[in-house]
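Report on the structure given below.
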Amino acid sequence: MHVLSQLNIKLSKLLLLLCFVSACQKKKAPVENTISGLPEDFTAFYEQFHKDSLFQMQHIDFPLKGLPDGADPEEKNFDDFYYTSDNWVMHKTFNPQLFNSEFLILADILIEERITEKKYQLMIIRRFAKGSQGWRLIYYAGLNKWTDN
């Protein structure tokens, strides 16, 4: 069981590395195709969030609640896990050949994005909320194996 857990963590790290390498490629699909139907101000925010590192850091609620890559979402050990600005890895647009992205409008001011890696069906979850200072990332669960209950 311990060996399997280590294998899952190594696989998650490899997939995350592939994600960031593919995101850095020059060729990218238009963002409009993946976020159509969302509020216009969110679309503008989302595009800027992935283009501008300073903008991204200014629009994240640190310490940011979430889960690390390779975590078991069912485990209680990660109930109080937070990302800090010191350990944050900049997010770029995800390669649509490797990842599917789905947006769920949970409320007028709350949007959840589910980014699924196509080959192994690992998922990243991000939640964005709109407040007095505009849209912000308020939750981030790294690349993990999620199951529907």
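Bear in mind these aren't lab numbers, they're just calculated from the coordinates by the rules spelled out. None of the values given here were measured: they were computed from a predicted structure. Cβ atoms come from the backbone with ideal geometry, glycine included; neighbour counts cover every protein chain shown.
Fewest Cβ neighbours within 10 Å first, please rank L110, L64 accordingly.
On the way: L110 14, L64 19.
With the fewest neighbours first, L110, L64 line up as L110, L64.
Just to verify a number: FRET efficiency for L38 and D79, C-beta to C-beta distance, R0 = 25 Å, to 0.05?
Working: r = 30 Å, r/R0 = 1.20.
My answer for the efficiency is 0.25.
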* Structure fact -> Residue by residue through region 117-130, the couplings from Karplus 6.51 cos²θ - 1.76 cosθ + 1.60 with θ = phi - 60°, in Hz, x for Gly and Pro, are 6, 5, 6, 10, 6, 7, 10, 10, 10, 10, 10, 10, 10, 9
